[in-house]
1. Taking loop as defined by DSSP and a crowding limit of 11 other beta carbons within 10 Å, which trypsin sites (Lys or Arg not before Pro) in segment 1-65 fit?
2. Quick one: dipole size for the chain, taken about the Cα centre, charges +1 on Lys/Arg Cβ and -1 on Asp/Glu Cβ, in debye to the nearest 20.
3. Enumerate the amide H contacts of ALA71 below 5 Å, restricted to partners 5 or more residues apart or on another chain; note that Pro and chain-start residues carry no placed amide H.
4. Which pairs in the list LYS29/LYS162; LYS29/LYS67; LYS4/LYS179 are over 31 Å apart, alpha-carbon to alpha-carbon?
5. Rounded if a/c is under 1.5, else prolate if a/b beats b/c, else oblate: with a ≥ b ≥ c from the C-alpha gyration tensor eigenvalues square-rooted, which is segment 1-84?
6. With a cut-off of 8 Å between alpha carbons and a minimum separation of six or more residues, what is the relative contact order of the chain in percent?
7. Return the long-range amide H neighbours of LEU61 (sequence gap of 5 or more, or a different chain), with a cut-off of under 5 Å between placed amide H atoms.
8. Give the label of the value calculated from the structure for semi-axes √(5λ) of the Cα gyration tensor in Å, choosing from (i) 47, 33, 12; (ii) 28, 25, 15; (iii) 25, 20, 14.
Amino acid sequence: MKVKETRLKDCYIIEPTVFEDDRGYFFEKYNEKRFEELTGMNGHFVQDNISKSSYGVLRGLHLQKGKHAQAKLVSCLEGRVWDVAVDLREDSPTYGKWFGIELTAENRLQLYVPRGFGHGFSVLSETAVFSYKCDNFYNKESEGAVRFNDPELNIDWKIEDKDAVLSEKDENAPYFKDKNF
């Protein structure tokens, strides 16, 4: 496993070591001990979620607040997504900055999104299956969100706004300047 820090503090790209031959491939998707050694971050996850979406679906920017905050280790199991993390920790040197990366079934990359970050993705392929490992349990009352097309964040989602398929919640999420996340 290789770990590379992004330009956002505590946010990491995880690249597994893949063993391939004429039979196919094998790789260790996650190893808690190795993850903690390489990042210094707690890598104990308690909940796994999977979503399937079609082209243009944009999910985000989401987070869990307070004692229910979640770190996530995300990957794309089928298809292609543009994955985005936004640092919403006011005391962070990268507060208000975002990072995006293409996650695909072929590149097998994962992104570690720490607690206190907003997270979202847009689907670039016909369909995509997306995996989230979470280090805390979901709590509906602790949901937070930031508007996907917030002008201050100016995130490039790699799809046209007119092609974005949104939930009502995401379409009406508060703006970054309102700090209502």
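Values in this text are rule-based calculations from the coordinates and carry no lab data. On a predicted model such as this, the values are computed, not experimentally measured, just so you know. Counting neighbours? That spans all protein chains shown, and the Cβs are built from the backbone with ideal geometry, glycine included.
1. In loop regions of segment 1-65 (DSSP not H, G, I, E or B), the sparsely surrounded trypsin sites (Lys or Arg not before Pro) are ARG7, ARG23.
2. 420
3. Those qualifying (amide H under 5 Å, at least 5 residues apart or on another chain) are ARG115, ASP135, ASN136.
4. Values: LYS29/LYS162 35 Å; LYS29/LYS67 28 Å; LYS4/LYS179 29 Å.
Too far apart for the 31 Å limit: LYS29/LYS162.
5. Working: a/c = 1.82, a/b = 1.14, b/c = 1.61.
Verdict is oblate for segment 1-84.
6. Values: 415 pairs, mean separation 50.8, N = 181.
Once divided by the residue count of the chain, the mean separation gives 28 percent.
7. VAL146, PHE148
8. This structure yields the entry labelled (iii).
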